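Take a look at the structure below.
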Amino acid sequence: MALHPRGIDLVRHEPVGVNVAYLGAFRIRIEAVNAFGPDLDNNVFVYVRRPSDPYTGLSADKFTAIAGPVDMSAIPVGEPDPHASYPFFRQSFVELDFRSTTEAEETWSLIQQQVAILLTALGQLEQLDVTQEVHLGDVAPESESLSESLSE
């Protein structure tokens, strides 16, 4: 069986001309765009919704992972499922703050690797081989011999 093509673009945004040593922080935003292929969309970043802050009433969403193949269909986009026992959801972007540009570069590289693993896994799950065949229920009656029915 031929594999379906699939792919996605990751777009990195970062501040320009920032003295990281002075500020002690560096931010990157990564957006997933132009996804194509079966079982794939731009929403590859998995978040968890934390409980609301008792003082502000605001909930905080935390990036937790790059989606896996099952996550792409099991985890909703945009908001957690209010009926699910876990408050996970997927989005098409992530913004992360770092103490150094080195940490940012390592994370950028890791995110690229994890998205590539997702694409590979989706492709591998497309390749199915028959590993078992089981008959359930009544045994089909043996034909009354093919030669008998032909001779009639």
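The values are calculated or read from the model by the stated rules, or taken from the named source; none is laboratory data. This one's a predicted model, so the numbers in the text were calculated from it and none came from an experiment. Every residue, glycine as well, gets a Cβ built from its backbone with ideal geometry; the counts of neighbours run over all protein chains shown.
Annotations
- Residue match in segment 20-43 (condition: among the charged types (D, E, K, R) and out of contact with any strand residue (DSSP E or B) (no Cβ under 6 Å at 6 or more places or on another chain)): yes
- Taking the criterion of being of a type in the set (Ser, Thr, Tyr) and part of a helix (DSSP H, G or I), the only residue of segment 113-141 that qualifies is Thr120.
- Residues located in segment 87-119, provided they are among the charged types (D, E, K, R), modelled with pLDDT of 95 or more and in contact with a helix residue (DSSP H, G or I) (Cβ under 9 Å, 6 or more places away or on another chain): Arg90
- Residue within segment 92-99 that is loosely packed, with under 14 Cβ neighbours inside 10 Å and part of a loop (DSSP other than H, G, I, E, B) present: yes
- Ile8 being in contact with a Lys or Arg (Cβ under 9 Å, 6 or more places away or on another chain), outside any loop (DSSP other than H, G, I, E, B) and crowded, with 16+ Cβ neighbours inside 10 Å: no
- Contact map, segment 55-80: residues that are at negative phi and touching a residue at least 60 places away in the same chain (Cβ under 8 Å) paired with residues that are surrounded by fewer than 14 Cβ atoms within 10 Å (Cβ to Cβ) and not hydroxyl-bearing (Ser, Thr, Tyr), Cβ distance under 6 Å, separation 6+ or inter-chain. No pairs are found.
- Residue ID - modelled with the lowest pLDDT, chosen from residues in segment 26-74 that are over 23 Å from Glu103 (Cα atoms) and either of a type in the set (Asp, Glu) or part of a helix (DSSP H, G or I) (or both): Asp53
- Within segment 106-129, being over 23 Å from Asn34 (Cα atoms) and surrounded by 12 or more Cβ atoms within 10 Å (Cβ to Cβ) holds for one residue alone: Glu106.
- Among the residues here, Glu95 does not qualify as under 16 Å from Ile30 (Cα atoms), free of Cβ contacts under 8 Å to residues at least 12 places away in the same chain and more than 14 Å from the chain's Cα centre (by Cα).
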